[in-house]
């Protein structure tokens, strides 16, 4: 997949990218039970990294500068959401077959890239962003940066749009590649729906309560992983 602006890029701990690379090589032979468990762990870690970088780090930063009971309550739910992701993938690993897991590992390995971004070279999970979201994002980020936005609702809705757009490469495509039966598919859909409902409810509850002083923080945070144009501070390099 060719990566070009606009795209999303969130930092990935190096052990995830390196593990996916090793498993991709291993899958050309045969994945063992141990490999399958490692694959599930790495995918769960990748999902949690993205949630941390897109959502929970923002809540932590705003709470640190503008503490509130609502933000604390939202942050208290972070571990529960990530635990649910790990638990779900630990359960699903029992339904993995080597043949069906291999393309999923290859898919995630393609998303894990080493980039020079924001004057730092590291691993990211990166994929293209819909142009209509990018167009809206530019306007929203500008209004948050200069605090002319009426409230933080548009910024929160933009974040939700990004998270929901990310479901296609990060969740729906891998699930499609796994070709699960009806029962497993329905269970996974239920977990995805539950996690997204928690995220939507948390963010929409907080949006009207974020103080105007926090708007530039929100814009700065979103701008770290929303790469909207090629003019700026990134270059692509092979890992």
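For the range 168-231, what class follows from the C-alpha gyration tensor (a ≥ b ≥ c being the square roots of its eigenvalues): rounded when a/c is under 1.5, otherwise prolate if a/b is larger than b/c, else oblate? In terms of gyration-tensor shape, oblate. The structure-derived value of semi-axes √(5λ) of the Cα gyration tensor in Å appears in the list [x] 48, 17, 15; [y] 26, 21, 18; [z] 31, 21, 15 under the label [z]. The C-alpha atoms of the chain define a longest principal axis, and helix 98-111 lies at about 30 degrees to it. Rounded to the nearest 10 degrees, the angle from helix 78-92 to the longest Cα principal axis of the chain is 20 degrees. The angle between the Cα long axis of helix 14-27 and the main principal axis of the chain comes to about 30°, on a 0 to 90 degree scale.
For the range 1-43, rounded, prolate or oblate, judged on the Cα gyration tensor with a ≥ b ≥ c (square roots of eigenvalues), a/c < 1.5 rounded, else prolate if a/b > b/c? The shape class here is prolate.
Please report the relative contact order for the chain, taking Cα pairs under 8 Å with a sequence separation of at least 6, and give it as a percent rounded to a whole number. Mind showing how you got there, number by number?
On the way: 269 pairs, mean separation 84.7, N = 239.
With pairs under 8 Å counted, the relative contact order is 35 percent.
All of the numbers you see were taken from the coordinates with simple rules; none came from a lab. Owing to the predicted nature of the structure, the values given are computational and were not obtained by experimental measurement.
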